[in-house]
Amino acid sequence: MAKLEIKNLTYIYSEGTPAAKKALNNINLRIKQNEFIGLIGRTGSGKSTLAKHLNALLKPTEGKILLDGEDFWHKPKKIRNVRFKVGMVFQYPEHQLFEETVYKDIAFGPSNMGLLEDEIEKKIHMACEFINLDFNLLYKSPFELSGGEKRKVAIAGVIAMDPEILILDEPTAGLDPKSREQLLCQLHYYYKSREKTVILISHNMDDIAKYSDRIIVLDDGNLIMFDSPKRVFSQIDLLKSVGLEPPQITSVMRSLLEVVPGLSDEILTVDEAVEALLNFVKNR
Amino acid sequence: MKSFIDIIDLNFSYNEDNNAKKILNGINLNIKKGEFLAILGCNGSGKSTLIKHLNAMLLPTKGNVFVKGMNTKDERKIYDIRSTVGLILQNPDNQIVASIVEDDVAFGPENLGVAPKVIRERVDMALKLVDMYDYRKSTTYSLSGGQKQRVAIAGIIAMQPECILLDEPTSMLDPEGRKEVLDTIKNLNKNFEITIVLITHYMEEAVNADRIAIINEGKIVRVNTPRAIFSDIIFLKEYQLSIPPVVELIHKLRLNGINLNNIALDEKECINILKNYFNSFE
Ligand SMILES: Nc1ncnc2c1ncn2[C@@H]1O[C@H](COP(=O)(O)OP(=O)(O)OP(=O)(O)O)[C@@H](O)[C@H]1O
Ligand SMILES: Nc1ncnc2c1ncn2[C@@H]1O[C@H](COP(=O)(O)OP(=O)(O)O)[C@@H](O)[C@H]1O
Ligand SMILES: [Mg+2]
Ligand SMILES: [Mg+2]
């Protein structure tokens, strides 16, 4: 059984008004438990709209979403439970900080779930370690943090709820390279060791290629591809037609084809590129 | 020769008390007229705090900052300093004040009391510069993030500053929007001699600068050209800066005995270096 199943999902903003906008068009997807999913598409393609459906923040105009086989909206009173199981880090999460200390801000989600004080404290420490947030910052006001620190606090608040499915909408914007790499490694670990499902929205194709089991490609509300990184990124022409570029290394390798015949079009990482070029030199 | 901006032994804490954490810890840096300086460093290292000292939004706890010889602590000069040095922030939505593009751009010069006819000219010129002239009558809320940032930059340009500070102007944008904004910055610098100070976490943006300053725990640990900085892989690792994939590719090929002389700073250079090598291979 799929962990998350999306059936004939269509969503129209401001339905019935002149400003009506179809943001998702008959999407069908089955996501397994313990998958790392990349979600890509140019601005306005519908990524955030899809993500908000998975967290039950938007209700489908048509179609349905099943979590463990159960329709999200079948019992509207239970929607809160869906939000505890499906954690979502929003696109600009730092706008949602509002408590007087960082500690209270991170504690907000777990408190709502009804956890006890000492459990909450444990979760908070776990979340800070996850995101590499200095414990000394816990008693500061969130408004006295640097941009990147604010973002880390917002992510920690969702991690502290320990969701089964974790959705992150462009979480690495504003993080320094080390924090970015660390967040991605931690997400990978969360998914691998704890058998969770992670859905990552990002414009960074290197990150998407490196971590995803499968990639969802959206364009203008339509599902264009749902496949492995190698399959998705070898379709350079299709990607370009929907405003996306493959990882940098993939483009470089493609440009080298004329001087290095036989290079695979499925090279995504630096190490794969080095290996392919060294092989060519050796076998010549 | 005096620099355009002189930062001399700058120390700063957000709290008054003596043992408060020092956010900036003895910064010395000169920024030359017309240069493009990029600032890199970890989250919380002090980049935004530093840049806010350059237009007197923050004042040093100790030390001094001079803009064209004017001390930022001199209250009578605040107005001159702020019209010489404009600031652009990360979030495009927070910087737009009017609902029509050209009104938004006119807002700054209107506040400066510039004559209406002159404002008209400056607004048109600024919008052309950032390539948003065709959108002058559009509503600001309907623009993409990259377009909003370019309108915000036009608003600063209409005040005719000599220098623009940009604090992660592209971090909320998609690749297209990032490229639009970066091209605008490069154009202002190369063709209009506007001094640029850019804070970024993207190495591929920093390689466009004349110099890169790297800040760590409130201190400047290195200032050099992009080529020098990105040639020093050990240094990059030490300060946890990311190595762009094209730099890493060339570096790893060299480590494996492939005889390449240059380092690549971007995709084009990388392709050229490798094409040359494999062309002369037969
Ligand atoms: N208003 C404030 N009050 C107290 N401390 C602050 C305030 N603003 C920033 N700080 C602290 O000063 C340090 C430097 O912050 P700054 O915003 O300059 O960092 P930054 O280098 O711009 O980081 P980022 O890459 O995350 O934007 C951080 O440790 C931060 O917590
Ligand atoms: N609150 C809203 N009201 C009306 N239209 C919206 C709203 N949010 C998004 N849209 C529109 O829906 C489409 C998909 O947007 P979004 O899901 O935010 O895309 P992405 O996250 O891929 O950039 C776009 O055309 C966008 O303009
Ligand atoms: Mg979005
Ligand atoms: Mg900052």
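The values are calculated or read from the model by the stated rules, or taken from the named source; none is laboratory data. The structure presented is a predicted model; accordingly, all values stated were derived computationally and were not measured. Ideal geometry is used to build each Cβ from the backbone, glycine not excepted, and the neighbour counts take in all protein chains shown. Heavy atoms of the whole protein, side chains included, go into the accessibility calculation; ligands, DNA and RNA do not. Shrake-Rupley method; radii C 1.70, N 1.55, O 1.52, S 1.80 Å.
Observations, loosely collected:
Residue-wise test of (1) within 16 Å of ligand 3 (Cβ to nearest atom); (2) under 15 Å from the mean Cα position of the chain (by Cα).
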| position | (1), (2) |
| --- | --- |
| A:Phe130 | no, no |
| A:Tyr139 | no, no |
| A:Pro142 | no, no |
| A:Gly148 | no, no |
| A:Leu166 | no, yes |
| A:Ala173 | yes, yes |
| A:Pro177 | no, no |
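- Test: residue in region A:160-174 that is open to solvent by less than 40 Å² (accessible area, probe 1.4 Å), away from ligand 2 (no atom under 16 Å from the Cβ) and facing chain B (nearest Cβ under 8 Å): yes
- Within the span defined as region B:228-242, one or more residues are among the polar types (S, T, N, Q), within 20 Å of A:Gly148 (Cα to Cα), free of Cβ contacts under 8 Å to residues at least 40 places away in the same chain and within 10 Å of another protein chain (Cβ to nearest Cβ).
- Tallying residues that are touching a strand residue (DSSP E or B) at 6+ places or on another chain (Cβ under 9 Å) and either within 11 Å of ligand 1 (Cβ to nearest atom) or of a type in the set (Lys, Arg) (or both) within region A:178-200 yields 2.
So that you can scan it fast, the table gives a plain yes or no per residue for (1) away from ligand 3 (no atom under 16 Å from the Cβ); (2) aliphatic (A, V, I, L, M); (3) under 25 Å from A:Gln182 (Cβ atoms); (4) at pLDDT 95 or above:
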| residue | (1), (2), (3), (4) |
| --- | --- |
| B:Asn19 | yes, no, no, no |
| B:Gly26 | yes, no, no, yes |
| B:Asn30 | yes, no, no, yes |
| B:Glu35 | yes, no, no, yes |
| B:Gly46 | yes, no, yes, yes |
| B:Leu50 | yes, yes, yes, yes |
| B:His53 | yes, no, no, yes |
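- Checking each residue in region A:106-153 for being more than 9 Å from ligand 1 (Cβ to nearest atom) and among the small types (Gly, Ala, Ser) picks out A:Ala107, A:Gly109, A:Ser111, A:Gly114, A:Ala127.
- Meets criteria (away from every other protein chain (no Cβ under 14 Å), without any contact (Cβ under 8 Å) to a residue 12 or more places away in the chain and farther than 29 Å from A:Lys3 by Cα) for A:Asp237: yes
- Any chance A:Met1 is away from ligand 1 (no atom under 16 Å from the Cβ) and exposed (fewer than 14 other Cβ atoms within 10 Å of the Cβ): yes
- Among the numbered conditions (1) of a type in the set (S, T, N, Q); (2) open to solvent by 50 Å² or more (accessible area, probe 1.4 Å); (3) within 10 Å of chain B (Cβ to nearest Cβ), the only one that A:Ser193 does not meet is (3).
- The listed residue being touching a Cys at 6+ places or on another chain (Cβ under 8 Å), open to solvent by 70 Å² or more (accessible area, probe 1.4 Å) and within 27 Å of A:His188 (Cβ to Cβ), out of A:Phe108, A:Phe135: A:Phe135
- Within region A:159-211, the set of residues being free of Cβ contacts under 8 Å to residues at least 12 places away in the same chain and of a type in the set (Phe, Trp, Tyr) comprises A:Tyr189 only.
- Residues in region B:164-188 that are within 11 Å of the chain's Cα centre (by Cα) and open to solvent by 10 Å² or more (accessible area, probe 1.4 Å): 4 in all.
- Once region A:86-105 is narrowed to residues that are in a helix (DSSP H, G or I) and within 16 Å of ligand 3 (Cβ to nearest atom), the residue that is least open to solvent (accessible area, probe 1.4 Å) is A:Pro93.
- Of the residues screened, A:Val217 is one that is in contact (Cβ under 8 Å) with a residue 40 or more places away in the chain, away from ligand 4 (no atom under 16 Å from the Cβ) and more than 10 Å from chain B (Cβ to nearest Cβ).
- For region A:246-260, the set of residues classified as at the interface with chain B (Cβ under 7 Å from one of its Cβ atoms), open to solvent by 10 Å² or more (accessible area, probe 1.4 Å) and in a helix (DSSP H, G or I) consists of A:Gln248, A:Ser251, A:Ser255, listed by residue number.
- Residue among B:Pro116, B:Pro92, B:Pro161 that alone is surrounded by fewer than 18 Cβ atoms within 10 Å (Cβ to Cβ) and either over 20 Å from B:Gly34 (Cβ atoms) or under 23 Å from the mean Cα position of the chain (by Cα) (or both): B:Pro116
Residue-by-condition table, conditions (1) open to solvent by less than 40 Å² (accessible area, probe 1.4 Å); (2) away from chain A (no Cβ under 14 Å):
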residue: B:Lys32; (1), (2): no, yes
residue: B:Lys47; (1), (2): yes, no
residue: B:Ala56; (1), (2): yes, yes
residue: B:Val65; (1), (2): yes, yes
residue: B:Val101; (1), (2): yes, yes
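- Selection count, region B:1-29, where residues are part of a loop (DSSP other than H, G, I, E, B), of a type outside the set (Gly, Ala, Ser) and surrounded by fewer than 21 Cβ atoms within 10 Å (Cβ to Cβ): 11
- Restricting region A:22-67 to residues that are open to solvent by less than 50 Å² (accessible area, probe 1.4 Å), part of a loop (DSSP other than H, G, I, E, B) and away from every other protein chain (no Cβ under 14 Å), the residue that is farthest from ligand 1 (Cβ to nearest atom) is A:Thr61.
- Residue check: B:Gly146 meets all listed conditions (1) open to solvent by less than 30 Å² (accessible area, probe 1.4 Å); (2) more than 14 Å from chain A (Cβ to nearest Cβ) but one, namely (2).
- Selected residue (criterion: modelled with the highest pLDDT) from residues of region A:69-85 that are farther than 20 Å from A:Val158 by Cβ and assigned to a loop (DSSP other than H, G, I, E, B): A:Gly69
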